[in-house]
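Below is one structure, written out as structure tokens, with a few remarks after it.
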Amino acid sequence: MYADTETLRRILTAGGDTWAVVGLSNNESRAAHGVADVLRRYGKRIVPVHPKAETVHGEKGYATLADIPFDVDVVDVFVNSGLAGEVADEAVAIGAKAVWFQLGVIDVEAYDRTRAAGLDMVMDRCPAIEIPRLG
């Protein structure tokens with residue numbers, strides 16, 4: 001419903017290779033850590049975004065999206081639904097091409113705002129599940 005195959009394919013294969021992963025830290029038990037590793041194996045550059053600004057998977061971390069000093073193609077959101085809309089708005093503000101809300105992250109109003117701003121948007125899906133499906 002909030003991600004058709006064409007949008008998934010566009011984001012995962014043509015949307016660019018720099019992914020800011022919001023909520024990514026060095027906590028290996030968190031889903032963001034494993035998903036970031038899968039994305040790296042598929043050639044994506046991972047940029048950790050977390051208040052601790054930790055280096056993860058060898059990539060320097062940033063406290064906010066606005067702190068990243070280079071272009072970001074996709075913002076992958078691993079925060080709870082109550083915070084996700086703000087992150088989507090920040091993604092629009094930094095000029096990202098797409099926003100991806102992970103499994104369980106749902107904010108229909110943020111989805112609509114992000115799409116209205118011209119960005120591709122996926123909600124309640126996981127790129128680590130979707131990218132192998134595209135073959």
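A few notes on this one:
- About its Cα centre, the chain has a charge dipole of approximately 400 debye under the convention of +1 per Lys or Arg Cβ and -1 per Asp or Glu Cβ, with nothing else charged.
- Spacing of the modelled spin labels on LEU134 and GLU28, each 7 Å from Cα toward Cβ, amounts to 2.8 nm.
- Loop-located trypsin sites (Lys or Arg not before Pro) in the stretch 1-85 whose Cβ has at most 15 other Cβ within 10 Å (DSSP): ARG30, LYS52, LYS60
- Rg ratio for the chain: its Cα radius of gyration over 2.2 N^0.38 Å, N being its residue count, equals 0.93.
- Placing pseudo-labels 7 Å out from each Cα toward the beta carbon at ALA93 and ASP112 gives an inter-label distance of 2.2 nm.
- Of the chymotrypsin sites (Phe, Trp or Tyr not before Pro) in the stretch 1-71, the ones in a loop by DSSP (not H, G, I, E or B) with at most 11 other beta carbons within 10 Å are PHE70.
- Loop-located GluC sites (Glu not before Pro) in the stretch 1-61 (DSSP state not H, G, I, E or B) with no more than 10 neighbouring Cβ atoms inside 10 Å: GLU28.
- Theoretical gain in end-to-end length, ASP37 to LYS52 [0.36 nm per residue, Cα-Cα removed]: 3.5 nm
- Electrostatic tally near PRO132: other residues with Cβ closer than 15 Å to its Cβ, Lys and Arg +1, Asp and Glu -1, net +4.
None of the figures in this text is laboratory data; all of them are computed from the coordinates on show. The structure displayed is predicted, hence computed values, not measured ones. Every residue, glycine among them, receives a Cβ derived from its backbone with ideal geometry; neighbour counts consider all protein chains shown.
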